[in-house]
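Okay, so here's the structure we're looking at.
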Amino acid sequence: MSLKRKQMLTRQKEYIEQKLKDRKAALSGKGIEPAKIDKDPIVKKLRADVKASTNRLKAIAASEKITEDMAKLKADRAAAALKEKEESKAEKTKKAAEPAKEKKPKAEKKPGPEKAAEGGKPPRPGEAPESGKVPHAAGAPHAGKPKAEKKAE
């Protein structure tokens, strides 16, 4: 919450506490017993207002604490990420300074079965090559099910 809200609630609480004190003084000046003063409806209302203001101020304080903790956590994370980044750069420079190891040449791959001329894939064992299929041309209409014709009524 904003600082203005906190200040407003503090002033409001002080004002209500002053009214409560004045009300109690006025009732005790009339000679009313303290037990009956506590049961006075205006005194009860003023006490409730003080309690409500106190609870609101506590909520604001809790919110400020959470915000402060989150800001601290965010700063810690940013510092840790920066430190990690610097360490990784240092490691890269170390690796670049070390002499490069000689790499072994990789063994050549064995040539696989020759691919079929049209299909692009080698035939599977146990299957006959399909020579009767013709691939569709790009943009050609789909040769699936014909659309159902509408019945004329």
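The values are calculated or read from the model by the stated rules, or taken from the named source; none is laboratory data. As the structure is a prediction and not an experimental result, all values here were calculated from the model. So basically every Cβ, Gly included, is an ideal-geometry build from the backbone, and we count neighbours across all protein chains shown.
Miscellaneous remarks
- Qualifying residues in the stretch 1-44 (those that are closer than 30 Å to Glu68 by Cα and in a loop (DSSP other than H, G, I, E, B)) - the one modelled with the lowest pLDDT: Met1
- Residue pairs whose Cβ atoms lie under 8 Å apart, sitting 6 or more positions apart in sequence or on different chains, and linking a residue in the stretch 62-73 that is part of a helix (DSSP H, G or I) to a partner that is at pLDDT below 95, are Ser63/Met1; Glu64/Met1.
- Criterion: under 25 Å from Glu14 (Cα atoms), out of contact with any Asp or Glu (no Cβ under 9 Å at 6 or more places or on another chain), loosely packed, with under 11 Cβ neighbours inside 10 Å and not polar (S, T, N, Q) - qualifying residue of Ala62, Ala52, Ala71: Ala62
- Counting the residues of the stretch 16-49 that are among the polar types (S, T, N, Q) and surrounded by 12 or more Cβ atoms within 10 Å (Cβ to Cβ) gives 1.
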